Amino acid sequence: LDFNPAHSWEFWPRDKIEHRTVRALHNHVKHVKEASPYYAEALSGIDPRDITSLADYAKLPMTDKKTLVENTGRFLAVGPERIAETVVTSGSTGKPLVFSMTASDLDRLAFNEALSFHAVGVKPGDRAQILVSIDRLFIAGMAYYRGLTLLGANTARIGVLPFDMQKHYIELLKPTVLVGVPSFLRRLAKELDAMKFDARASSIQKLVCIGESIRSEDMTLNAVGKSLEEAYGANVYSTYGATELAVAYCECECRCGGHAHPELVYTEIVDEQGNPVSDGMPGELVATPLGVEGLPLVRYRTGDITFKIGEPCACGRQSCRIGPILARKSQMIKYKGTTLYPLTITNALDELDCIDDYVIMLEGGESLSDEVTVHAVTPPANVPQVVSHLRTKARVQFPVLVTNAATINAMRGDARKKVRIIDNRIPGKRQ
Ligand SMILES: [Zn+2]
């Protein structure tokens, strides 16, 4: 793939994007029926010629992660001799997904990240440091590396190092862009400050943030996003990706939602019943990656709750955007007859400097209301303040229990991520 962002579909008029998307979806369905044993069966009653509109496509069955994990071999649309790289992602159900990519899929992944970083304003001459693992079978670090180098940025594969080494490489290589997980970047800022390194006066201009939300539902920066901008004197940009999609939704320089790259993915937001919801309304992100050879997917349910932003962006891109991830669908909270998004609660707790760490424990599951408890590492005298802040900011009244760092780590187990929600609700009562 030649990388010329000016030729990207995202700058086309809306009707042209839609016209080409319908054609791409028609071709996609035709291809997966021929190449993937799973879809040959799942779509056996579907004639690709009947797909002449987005509404036609929305009638096709969706695929979820459980089905993909349990039938990976049957989804595969190429022979084993075509597989050029394997990545593994932990499933929410516990069983890992072994995700296979061809050489062309790797080029596609690079093209996708190059488009994303281009939208962030990264250019040849920029010096980018990747502060996430590029090994350990992760897709993300490798995708950023390939995208940044394709774009022509000077790219350093730093990974996750001790903080004094991070400081060393910032001083030595003078990065203009850092790519990392918000909670890690926040911790790094504190450690740099403790080492008398002034990040605000440093070369760092942009922070591309992955894996955790830096915005609230109303698209303003949350406490983590604000503290990163403050600590580095840099702009923060959110990017969202999922291994199975091999695509990213990354914010542009206007920073108002992650742009879909329409030549690489078709995006839908659906309700519990699978019906489309209007722009701005929360629902599950359902994505169809386009142009994938190895493990192609049709209408893949990501399990992530967000909303679509339809109005055109000031940057000139006409592609749709998505907001922050409000919740994993499985982690939505039933509370006194309404549905709560964990992001609302974590954003409120992150605003409090008096809490060092916390987890939100979900229990119950049989009644109309879940039992929610906040376990916080904070002096007991702060509990009334935490309770009052949650009532004001998240409109909830949850019990707050004081705990310590060792107990929280034990509650998390050996999860690779810094888990914020521990779900002990009775299974089977919800999806
Ligand atoms: Zn934009």
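Annotations for the structure displayed:
- Helices (runs of 4 or more DSSP H) fully within the stretch 1-116 counting 3 or more residues that are of a type outside the set (Gly, Ala, Ser) and more than 23 Å from the chain's Cα centre (by Cα): 14-35, 37-42, 54-57
- Scan of the stretch 381-396 for residues that are assigned to a helix (DSSP H, G or I) and within 20 Å of residue 339 (Cα to Cα), ordered by number: 387, 389, 390, 391, 392, 393
- Residues satisfying the stated conditions in the stretch 212-238, i.e. within 13 Å of the ligand (Cβ to nearest atom) and of a type in the set (Ser, Thr, Tyr): 237, 238
- For the stretch 397-419, a residue qualifies if it is at pLDDT 90 or above and part of a loop (DSSP other than H, G, I, E, B), and the qualifying residues are 397, 398, 399, 403, 404.
- Just one of the listed residues (397, 385) is in contact with a Cys (Cβ under 8 Å, 6 or more places away or on another chain) and surrounded by fewer than 19 Cβ atoms within 10 Å (Cβ to Cβ), and it is 385.
- Any chance residue 301 is away from the ligand (no atom under 16 Å from the Cβ), among the basic types (Lys, Arg), surrounded by fewer than 21 Cβ atoms within 10 Å (Cβ to Cβ) and under 29 Å from residue 97 (Cα atoms): no
- Long-range neighbours under 7 Å by Cβ, at least six apart or interchain, first residue closer than 14 Å to residue 128 by Cα within the stretch 162-173, second at pLDDT below 95 and in a helix (DSSP H, G or I): none
- Of all residues making up the stretch 6-30, the number that are touching a residue at least 40 places away in the same chain (Cβ under 8 Å), touching a helix residue (DSSP H, G or I) at 6+ places or on another chain (Cβ under 9 Å) and not hydroxyl-bearing (Ser, Thr, Tyr): 9
- Residues that are in contact (Cβ under 8 Å) with a residue 24 or more places away in the chain, within 16 Å of the chain's Cα centre (by Cα), within 16 Å of the ligand (Cβ to nearest atom) and surrounded by fewer than 22 Cβ atoms within 10 Å (Cβ to Cβ) within the stretch 240-264 comprise just one, 256.
- Matching residues in the stretch 265-279 - criterion: being surrounded by fewer than 17 Cβ atoms within 10 Å (Cβ to Cβ) and within 16 Å of the ligand (Cβ to nearest atom): 279
- Just one of the numbered conditions (1) assigned to a helix (DSSP H, G or I); (2) in contact with a helix residue (DSSP H, G or I) (Cβ under 6 Å, 6 or more places away or on another chain); (3) of a type in the set (S, T, N, Q) is not true of residue 183: (2).
- Filter result for residue 229 (charged (D, E, K, R), touching a residue at least 60 places away in the same chain (Cβ under 8 Å) and within 19 Å of residue 350 (Cα to Cα)): no
- Condition check for residue 214: aliphatic (A, V, I, L, M), farther than 26 Å from residue 168 by Cα and under 17 Å from the mean Cα position of the chain (by Cα): yes
- Top-ranked residue of the stretch 202-211 - restricted to ones that are of a type outside the set (D, E, K, R) and more than 15 Å from the chain's Cα centre (by Cα), ranked as surrounded by the most Cβ atoms within 10 Å (Cβ to Cβ): 207
Yes/no per residue for (1) over 16 Å from the mean Cα position of the chain (by Cα); (2) over 25 Å from residue 271 (Cβ atoms); (3) within 16 Å of the ligand (Cβ to nearest atom); (4) at pLDDT 95 or above:
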position	(1), (2), (3), (4)
308	no, no, yes, yes
324	no, no, yes, yes
327	no, no, no, no
334	yes, no, no, no
337	yes, no, no, no
340	yes, no, no, no
350	yes, yes, no, no
353	yes, yes, no, no
356	yes, yes, no, no
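- Residue within the stretch 88-99 that is within 26 Å of residue 180 (Cα to Cα) and aromatic (Phe, Trp, Tyr) present: yes
The values are calculated or read from the model by the stated rules, or taken from the named source; none is laboratory data. Predicted model only: the values in this text are computed from it and were never measured. In this analysis, Cβ positions are derived from the backbone assuming ideal geometry, glycine residues included, and neighbour counts consider all displayed protein chains.
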